[in-house]
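Here is the structure we will look at, set down as structure tokens.
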Amino acid sequence: MFPMDNTKTKKLNFKALYRLCPGAHWLALVSALLILLHLATRGNHQLMVWLSENLVRPVHGLLAWLCSYAPFSVAELVICLAVIGTVVYIIYEIVRLIRRPEKLRRVYIIIATLLAVLLFVYAGFCLLWGIYYYGDDFQAKSGLKAEEISVEQLSEVTAYFADLANEYSTQVTRDENGVYTADREAILARSPEVFGAATELFPCLRGPGVAAKPFALSRILSYLDFTGFFFPFTAEANVNMDFPPSLFAATVAHELSHQRGVAKEQEANFVAVLASLEYGDADYCYSAALLAYTHLGNALYKADNEAWQQVYGSLNRYVLADFACNREYWKQFETPVQTVSNTVYEGFLQSYDQKLGLKSYGACVDLLVNYYYEAALAAK
């Protein structure tokens, strides 16, 4: 007998494996190469800037314009179809596994197919969103700097936004208990106009003048601890329609800032406040003042508790009622699901070099204080 040619056998086995699902193999290979290319080049700042401005933003502008013709969230439809399709596929394949022999082959096909789809989605995410994290951020484009601040400056600006919250709290609609009641649909209808004045100040914020989209399955977002999200595959700003309305308009502005290329969360919070206040609409201004005060107040509480108590004591009953409403709503979602969701999202932020993780949401404090300090002094 002649000895078996192991090399030839391996080649034959590889070919046989490839023929089981050639489409999945090619999709996985191309996707993996794109991911590796992204990982290898994301340190090239100039390339990332060029791709952000000449590829990602134009694509997002086109997608946002196309999806604006749909009266519903295309992102939600895509996500639901993807989830349903995945579940149906897995059930179908499990049934086939039970009925047919050669189970190892079927298991391999299932795993290879799901892995290929996962790699494809992540590759698209790297291309349509991940690039932003390594190009110029809002500070680089606008010239603003989140420079070091003093406790005195922090206290002044916190008091300034507390006063703004008090002022605008009397200009919005409220129920018999004094709690803010917003017309969410009307706020969404006005959302294409929110960035008009801010764009005049900072041309880098130019973007598609389209409305944010309501997310029908908003209760699910609340369980995941999300008030909204930007979906890069459709370039839609999606917002939770279920949580208390006091921070709703600011959330709309926050997600729309992502649509305009502001990727970092701390900068998106600052831009949301800036755009809303420049817009001048009472609903947006009140919500922005609450958002700013929340971040500033949390920082002041840790830096100077006595100063924080003084500012907090200046809040009127309407603002306090809205804060209480928010606390009561989110208390019901303090579950393991929320914990897992936050852990996963923090891991995602850190994977894109957002070293502060979820804490980076509070880093907008420096931008707020640097930008509004003079206004706070002038308002005294």
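Listing for the model above:
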{"quantity": "L34 under 28 Å from T234 (Cβ atoms), open to solvent by 40 Å² or more (accessible area, probe 1.4 Å), at pLDDT 95 or above and out of contact with any Pro (no Cβ under 9 Å at 6 or more places or on another chain)", "calculated": "yes"}
{"quantity": "Residue ID - nearest to D136 (Cα to Cα), chosen from residues in region 52-82 that are small (G, A, S) and surrounded by 14 or more Cβ atoms within 10 Å (Cβ to Cβ)", "calculated": "S52"}
{"quantity": "Sole exception among (1) closer than 25 Å to H258 by Cα; (2) assigned to a helix (DSSP H, G or I); (3) at pLDDT below 95 for I98, by number", "calculated": "(1)"}
{"quantity": "Criterion (over 19 Å from the mean Cα position of the chain (by Cα) and either modelled with pLDDT of 95 or more or more than 28 Å from V311 (Cβ to Cβ) (or both)) met by exactly one of V252, V262, V210, V179", "calculated": "V179"}
{"quantity": "Test: residue in region 159-180 that is in contact (Cβ under 8 Å) with a residue 12 or more places away in the chain, assigned to a loop (DSSP other than H, G, I, E, B), surrounded by fewer than 18 Cβ atoms within 10 Å (Cβ to Cβ) and of a type in the set (G, A, S)", "calculated": "yes"}
{"quantity": "Qualifying positions in region 209-225 - touching a residue at least 24 places away in the same chain (Cβ under 8 Å) and open to solvent by 30 Å² or more (accessible area, probe 1.4 Å)", "calculated": "A211, P214, A216, L217, Y223, L224, D225"}
{"quantity": "Verdict on L12 being open to solvent by 60 Å² or more (accessible area, probe 1.4 Å), modelled with pLDDT of 95 or more and in a helix (DSSP H, G or I)", "calculated": "no"}
{"quantity": "Some residue of region 338-355 being assigned to a helix (DSSP H, G or I), hydrophobic (A, V, I, L, M, F, W, C) and modelled with pLDDT of 75 or more", "calculated": "no"}
{"quantity": "Residue match in region 149-168 (condition: over 21 Å from S314 (Cβ atoms) and among the aliphatic types (A, V, I, L, M))", "calculated": "no"}
{"quantity": "Criterion: closer than 30 Å to A40 by Cα and surrounded by 15 or more Cβ atoms within 10 Å (Cβ to Cβ) - qualifying residue of L114, L154", "calculated": "L114"}
{"quantity": "Qualifying positions in region 129-151 - over 14 Å from D366 (Cβ atoms), part of a loop (DSSP other than H, G, I, E, B), touching a helix residue (DSSP H, G or I) at 6+ places or on another chain (Cβ under 6 Å) and open to solvent by 30 Å² or more (accessible area, probe 1.4 Å)", "calculated": "D136"}
{"quantity": "Per-region count, region 186-214, residues touching a Ser or Thr at 6+ places or on another chain (Cβ under 7 Å), in a loop (DSSP other than H, G, I, E, B) and not β-branched (V, I, T)", "calculated": "4"}
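The values are calculated or read from the model by the stated rules, or taken from the named source; none is laboratory data. The shown structure was predicted, so the numbers you read here are calculated from the model rather than taken from an experiment. Note: ideal-geometry Cβ built from the backbone for every residue, glycine included; neighbour counts use all protein chains shown. With ligands, DNA and RNA removed, areas are computed over all heavy atoms of the protein, side chains included. Shrake-Rupley method; radii C 1.70, N 1.55, O 1.52, S 1.80 Å.
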